[in-house]
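Report on the structure given below.
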Amino acid sequence: MRVKSSKAFKQNSPFRLFKTKQYFRKNRFSVIFVLGIPKMSNLKRATALKKSASRIWKNSVRVLAPSLQAVAVRPVSFRKKGVVRKQPGNVNSMAEESIFSHTGAVDPEEQIRKGYDFSALSLSAEELVKICVEMLWKPLSDVIANDETEHQRLLLKNLIEDVMYKYTATSYHNFTHAVDVTQMMYTVLTQYFNGRVLPHEFFFLLFSCLCHDMDHPGLTIDFLHRNGLLLEFETLEDYHIEETKTIIRSHPLFRTYFDEELTNELISFSAKAINATKMSTYQTIEEEIASLNEHDGFLSVEHYYLLMKISDLANVVRPFKDAKAWTKKLTTEFRSEGIMKDESSLSSENLMVMRESRMFAQKKAGREVKALGIAQLGQGTVQFVNDIVKPLADLIKVIDQTFFIDYTQRLENNLSQWMDQFL
């Protein structure tokens with residue numbers, strides 16, 4: 001309504017002051033309470049109250065900023081005449097701020113061709129989405145009839161954005177990590193096993209990598225179970241599998257271009273591939289790989305499990321600057337859970353509240369990790385590489401000797417740099 005006079009304004013004033021009270025519970029997070037709605041009496045007073053309300057709102061947003069970081073403003077998808085479009089939205093809303101500065105437009109194909117030197121940490125969320133579209137488009141187009149290329153690419157981009165928004169703002173198990181793992185799988189398949197993977201399984205592997213940690217809460221399953229959360233899932237991998245199944249069943253790309261048989265095959269394949277990323281599956285994978293005799297020809301399911309495991313540990317063979325940054329992020333995530341264990345007020349039986357608490361604990365853990373010396377970070381990394389990664393790398397010899405040589409050289413190079421810095 002347009003106000004023509006102060007008298008009309010007095011009678012029809014829409015302004016109300018929401019008095020707010022902000023308080024912290026052991027530095028946890030802020031809550032706003034609405035205490036009253038006093039009426040306006042005149043134009044002058046209403047204007048003053050409007051300014052006051054504006055100041056209160058700005059202060060509230062500033063106080064609540066840590067909590068708001070976990071909230072993504074998701075563009076709304078809608079269909080019209082067979083085309084999926086998106087309303088304008090902030091594609092970077094779920095991305096962490098890049099720890100490495102970069103300028104200018106990024107060429108997705110150039111980034112993909114970097115192979116082991118790919119740096120997901122230096123890219124924005126929008127750039128990561130473009131890179132994923134480039135990686136997944138070729139194998140997808142080999143599976144479905146690509147007579148509607150523009151529409152299909154738009155659907156693929158929409159799918160990847162949907163997956164991105166399912167990831168939370170954890171320090172390590174986030175969308176950036178998912179793209180890092182996906183690019184490693186792409187590098188391995190194209191450099192060493194070109195022609196040895198069926199087209200649909202190529203797409204299945206990349207998609208499984210992209211979804212393998214979807215909606216990861218940044219906490220272990222044991223901690224969540226102790227607080228009464230996700231009790232219906234035995235492991236976090238089971239939770240990721242269920243989230244992946246949901247997006248496969250619901251997304252227009254699969255409902256439009258995949259028949260029921262291919263959809264069920266993707267669900268079954270992705271479940272087994274994601275399950276292979278569990279740390280406890282190493283011995284099983286070792287036994288299955290050791291029982292295989294073939295060294296060429298099409299890769300078997302057992303080989304795929306090994307490649308999933310190797311790709312999930314991509315950070316240990318990235319350039320040392322990135323490898324060190326990934327180590328700090330993983331250490332931060334582990335320490336944030338320790339902080340939550342020590343401070344009982346940060347625990348909750350509500351998953352949303354638990355994620356808010358984790359954001360607070362994660363910031364505190366980040367400050368602790370920043371104060372750590374390279375020796376403390378390096379010792380744990382060296383032990384992990386020797387106990388877990390090297391035995392897995394030895395299994396690579398069963399499928400490709402060149403892959404084994406390239407991978408172990410990168411691994412040993414980073415290992416020696418860790419040793420040089422803390423010895």
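The values are calculated or read from the model by the stated rules, or taken from the named source; none is laboratory data. In this text the structure is predicted, and so the values were computed from the model without any measurement. Neighbour counts are summed over all protein chains in view; Cβ atoms, including those assigned to glycine, are modelled from backbone coordinates with ideal geometry. We work out accessible area using only protein heavy atoms, side chains counted, and drop any ligands, DNA or RNA first. Shrake-Rupley method; radii C 1.70, N 1.55, O 1.52, S 1.80 Å.
For this structure, a couple of remarks:
- For region 203-224, the condition holds for no residue, the condition being that it is more than 10 Å from the chain's Cα centre (by Cα), acidic (Asp, Glu), modelled with pLDDT of 95 or more and under 30 Å from MET354 (Cα atoms).
- Options PHE404, PHE334; residue that is under 26 Å from the mean Cα position of the chain (by Cα), at pLDDT 90 or above and surrounded by fewer than 18 Cβ atoms within 10 Å (Cβ to Cβ): PHE334
- Scanning region 244-253 for residues being open to solvent by less than 30 Å² (accessible area, probe 1.4 Å) and under 14 Å from SER208 (Cβ atoms) gives a total of 3.
- Among residues of region 232-243, those that are in a loop (DSSP other than H, G, I, E, B) and open to solvent by 50 Å² or more (accessible area, probe 1.4 Å), counted: 2
- Pick from region 148-175, criterion of a type in the set (Ser, Thr, Tyr) and in a helix (DSSP H, G or I), ranking: most open to solvent (accessible area, probe 1.4 Å): THR149
- Taken over region 256-290, the criterion of being surrounded by 13 or more Cβ atoms within 10 Å (Cβ to Cβ) and among the hydrophobic types (A, V, I, L, M, F, W, C) is satisfied by PHE258, LEU262, LEU266, ILE267, PHE269, ALA271, ALA273, ILE274, ALA276, ILE285, ILE289.
- ALA178, sole failed condition from (1) under 25 Å from TYR116 (Cβ atoms); (2) open to solvent by 10 Å² or more (accessible area, probe 1.4 Å): (2)
- Within region 213-239, residues that are in contact (Cβ under 8 Å) with a residue 24 or more places away in the chain reach partners that are part of a loop (DSSP other than H, G, I, E, B) and open to solvent by 50 Å² or more (accessible area, probe 1.4 Å) with beta carbons closer than 7 Å, at six or more positions or on different chains, in the pairs ASN227/GLU349; GLY228/GLU349; LEU229/GLU349.
- The one condition in (1) part of a helix (DSSP H, G or I); (2) surrounded by 24 or more Cβ atoms within 10 Å (Cβ to Cβ) that LEU219 fails to fulfil: (1)
- Verdict on PHE202 being aromatic (Phe, Trp, Tyr) and out of contact with any Pro (no Cβ under 9 Å at 6 or more places or on another chain): no
- Test for ASN350: is it among the polar types (S, T, N, Q), over 22 Å from GLU234 (Cα atoms) and either at pLDDT below 90 or open to solvent by 10 Å² or more (accessible area, probe 1.4 Å) (or both): no
- Any hit, region 93-107, residues being modelled with pLDDT under 95, under 16 Å from the mean Cα position of the chain (by Cα) and more than 30 Å from ASN413 (Cβ to Cβ): yes
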